[in-house]
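The values are calculated or read from the model by the stated rules, or taken from the named source; none is laboratory data. This one's a predicted model, so the numbers in the text were calculated from it and none came from an experiment. Backbone-built Cβ (ideal geometry, glycine too); neighbour counts: all protein chains shown. Ligands, DNA and RNA are stripped out before the accessible areas are found, and what is left, the full protein with its side chains, is counted by its heavy atoms. Shrake-Rupley method; radii C 1.70, N 1.55, O 1.52, S 1.80 Å.
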Amino acid sequence: MAEILAVGEALERALALLRGGDVVAIPTETVYGLAGDATNGIGVARIFEAKGRPRFNPLIAHVADMAMAERIALFDPLSKKLALAFWPGPLTLVLPQRPGNGIHPLVTAGLDTIASRMPRGFGGDLIARLGRPLAAPSANSSGKISATTAQAVAGDLGARIKLVVDGGATPVGLESTIVKAEGERLRLLRPGGIAAEDIEAAIGMKLLRGGATGVEAPGMLASHYAPGAAMRLNAGTVGEGEALLGFGSRRAEGWRRAAAFLNLSEAADLREAASNLFAYMQDLDRSGARTIAVEPVPFDGLGEAINDRLSRAAAPRDNTQPAT
Ligand code: TXA
Ligand code: MG
């Protein structure tokens, strides 16, 4: 079983594992990541192995500072502006790779672009000490909900990895927003921890949406983040034996008969709801209910990302599809 060490005492052990080509689960501000040295093919392969990914989807390369980011990717002026505005933070930029950047091709699944972000907190310190980018997908087995606590990581991947670094519950609770440079414009590939509106305000233009070309974000396929229970969205009533995931102060009809009930945010605060989302889906799943009914969540701000994750969790399950 994986050892769990608090952030204050984990740095040296984590460094030793990464230098030896092994993986470590680390807290970031978004969700826990399963990290390996992005320049070490064995380390990267171990990430896929531990997650049981059905395919080699491209991973995010996490960097410690702007200099490291520019060593691996070619920044256009708009992307640079976003990096300066939001890093460290829950924003991932997909950019052309800098040739000869030393990143193992398994990280990028052979694409000529690379997804990169600068995380807050322990991850940033670890990468600075290692001196190399860390490849890190969310620390969950393939197709499962992203983990927002060290205990959730250990419960899922504990038998397959040696160390989980415990930084407490992740503050954002949703994965990063992914934006891709496309000519003079930027495209939203995945809504996430920074609201698209905030990005649009920072660059003074709208993001392109939908219709991304090619593989792009395979993790964006349906049936992702799936709990064991079925999910029923925008529920106005609660059926017999259903668990209820609430939002705000207005309850779905018949909510008292719910087999289990958790409220993402009584105050209808989307940031609070985002930070509770994955943990509450897991808790309600553990209640044993066949179906989790979910009250409507508005689409503004972080609501876009919350609704995106909910609809993936509710999508028909198809194990042949890749997921991250
Ligand atoms: O908040 C996060 O982003 C977390 C933490 C650990 O940093 N990471 C995360 O990684 O969510 P993952 O692997 O679960 O999702 C990364 C997404 C996938 O959908 C992948 O397909 C996409 O990024 N991606 C990676 N490289 C790409 C590229 N070159 N072009 C387009 N999409 C890419
Ligand atoms: Mg993931």
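Listing for the model above:
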read-out	value
Linear extension gain, GLU49 paired with ARG250, 0.36 nm per residue minus alpha-carbon span	68.0 nm
Relative contact order [Cα under 8 Å, 6+ residues apart], segment 88-176, whole percent	26
Nearest-0.05 FRET efficiency for ASP112 and GLU3, computed from C-beta distance (R0 45 Å)	0.75
Stretch in the chain that is longest and holds no GluC sites (Glu not before Pro) that DSSP places in a loop and that have at most 12 other beta carbons within 10 Å	1-183
Eligible lysines near LYS144 by straight Cα distance, threshold 18 Å, same-chain separation 8 or greater	LYS51
Fully extended contour minus Cα-Cα distance, from ARG290 to ALA230, at 0.36 nm per residue	21.0 nm
Accessible surface, segment 1-121, averaged per residue in Å² (probe 1.4 Å)	39
Binned Cα-Cα distances of the chain, short to long, each 10 Å bin given as a whole percent	6, 28, 35, 23, 7, 1, 0
Rel. contact order, % - alpha carbon contacts under 8 angstrom, at least six apart, the chain	21
Bridge type composition, the chain - antiparallel percent by DSSP, nearest 5	45
Residue-averaged [θ]222 nm for the chain, counting only DSSP H segments that reach four residues, each worth -39500 (n - 2.57)	-9000 deg cm²/dmol
Accessible area of segment 241-324 belonging to carbon and sulfur atoms, whole % at 1.4 Å probe	46
Set of lysines with alpha-carbon distance to LYS80 below 17 Å, sequence-local pairs under 8 removed	LYS180, LYS206
Residue of ALA64, ALA147, ALA202 that the Gaussian network model of the chain assigns the largest fluctuation, springs spanning Cα pairs under 10 Å	ALA202
Accessible-area composition of segment 41-116, carbon plus sulfur, in percent [1.4 Å probe]	59
